[in-house]
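Okay, structure first, notes after.
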Amino acid sequence: MFRSLLRITSFSSKTLSIFTPSLLLRNFATHTIKFPASVESISEGGVQAWVKNIGDHVDVDEVVVVMETAKTNQEIRSPVSGELVKFLANVGDNIPVGADLFVIDTDKTGATKAKESPKPAAKVETLKETPVQESAKEPKKVQENVEIKKEEPKPLQPKPKTPEVPQVKISTGKREDRKEKLTRMRKTIAERLKGAQSTYAMLTTFQECDMSRAIELRNAYKDDFLKKHGVKLGFMSFFIKASTHALLQYPLANAVILGDEIVYKNYIDISVAVATPTGLVVPVIRNCEQKSFANIEKEIIRFSGLAKEGKLPIEDMVGGNFTVSNGGVYGSMMGTPILNPPQSAILGMHSIENRPVVREDKIVARPIMYLALTYDHRLLDGKDAVLFLNAIKKMVEEPAKILLDI
C-alpha cells in the first residue's frame, strides 16, 4: 500500500513539472484588453471600426479599435506589444464599459512585424557557392523547413466588416426615401435636448450689443496680438471674459438646482459650442477667471482642431457651469438657444450687421449683434436674467471695463 502511494506521488510530481510551466507561461503571454472607463457619464459604446486585423503586430500605445460613444469617438490603444489574435466584439456591437474587446499575444510578433524583418543574406550566398554534388541536398533542407512551417499554420479568421458608407443616388425622376441610422452621438443629443425641455422652465431674454468699440480694439491690436501669442484675436474671447465677470457679479447664474438644493460654484467653467461633422459638442474652458484673452483663444483653437478630427477627449466635455454658443459664424440673425443640462443659463451670439440706431438724437449706422440669454426660470427670476445679460452687453460695448475689472 505504501509503495503504491509513493508511485502515485512520483507520477503526479512529474506530470506537474512537465505541464504546469508551459500552461502558466501561456496564460501570461495572452492579454485580454477591456473597454476602459474614461468618465462616469460614459457607460457603453459601439465598435465603429477595427484599425488592426487578426495576425497584425501591435506596438505599445498603438490604436487597435475606434469606439463610438455618446460624446465622441474614442481610440482604444494596446497597453502591450504583440500579435492581435482575437476580436471579442464585431463592428456595430454595443458593449458596456469594462467588457472584453480583443486579445494580444505577447509571445508572437504578428504578420506585419514578420514582413518588415529582412531575410538573412548569408543563406543566399551559400546557395550560389554550393558545389553541384551538395546542391541536391539543399532542396531537402528547404523542403523540411517548409514542412515544419506547414505543421503550424495560422488559423485564418474572417476580416472585420467595415461600416457601409451610404451612397447618394442620382435622381432619375422617381421620388425615393433614404433611411439612415442615427449615430450614437445624435441620439444622445436628441435625448438631452428633449430632456431639457421636460425638466427646465426655459425662458429667453434679448439684448442688442453695439460692437463698435470691440471692433476698434480688435482692429487696432490684432496684428500685435497674433505676433505675440500666435493666435488671432476673435470676438469669442470678449464674450467669454465678459460672461466670466458677469457670473462673478451674479453667482445665481453660475449655480444649479440639484434635488431640493441650490449648488453654488466659486469657479467659472464655460462650455463653448463647437460644430463637428457628426454633431454639436461642447468642450469646457476651465477656470476662466484665471485665463487671459490669449489663453481663451488658444483653448478655442485647440478644441476646434480636435473636434474636426474626431479626437476631442471626453474629459474636455465633462462639466461646465455656463455655455456660450456663436451661431453668428453661420449667419444667424436671432435664435433662442436651449439649455445645456445641468446648467442654468446659455448665451447665444449672432451675426454682426450694420443697423440703424439712435445716438445723441441722431439716427446712425452701428455694427449691432443681437444677444439671447436662455435661463432656468425655476432658479433665476426675470430681473436676475436681465441684469446678468445687461452686464455682459455693457462690458463688450466698453472692453476697458473687462481690463480694469469694473
Residues in region 378-401 that are surrounded by 15 or more Cβ atoms within 10 Å (Cβ to Cβ) and either more than 15 Å from ILE215 (Cα to Cα) or of a type in the set (Gly, Ala, Ser) (or both) total 12
**Message:** On the basis of being surrounded by 13 or more Cβ atoms within 10 Å (Cβ to Cβ), within 15 Å of LEU347 (Cβ to Cβ) and either among the basic types (Lys, Arg) or outside the structural domain of ALA345 (by TED's automatic domain parsing) (or both), does LYS241 make the cut?
**Reply:** yes
Requiring at least 3 residues that are within 26 Å of the chain's Cα centre (by Cα), modelled with pLDDT under 95 and charged (D, E, K, R), the helices (runs of 4 or more DSSP H) wholly within region 160-249 are 184-199
Per the filter on region 305-344, residues out of contact with any helix residue (DSSP H, G or I) (no Cβ under 9 Å at 6 or more places or on another chain) and aromatic (Phe, Trp, Tyr) are TYR330
Of the candidates ASN287, ASN295, ASN254, the one satisfying the condition of being more than 25 Å from the chain's Cα centre (by Cα) and polar (S, T, N, Q) is ASN254
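The values are calculated or read from the model by the stated rules, or taken from the named source; none is laboratory data. Worth saying up front: this structure is predicted, and the values here are computed from it rather than measured. All Cβ positions, glycine included, derive from the backbone under ideal geometry; neighbour counts span all protein chains shown.
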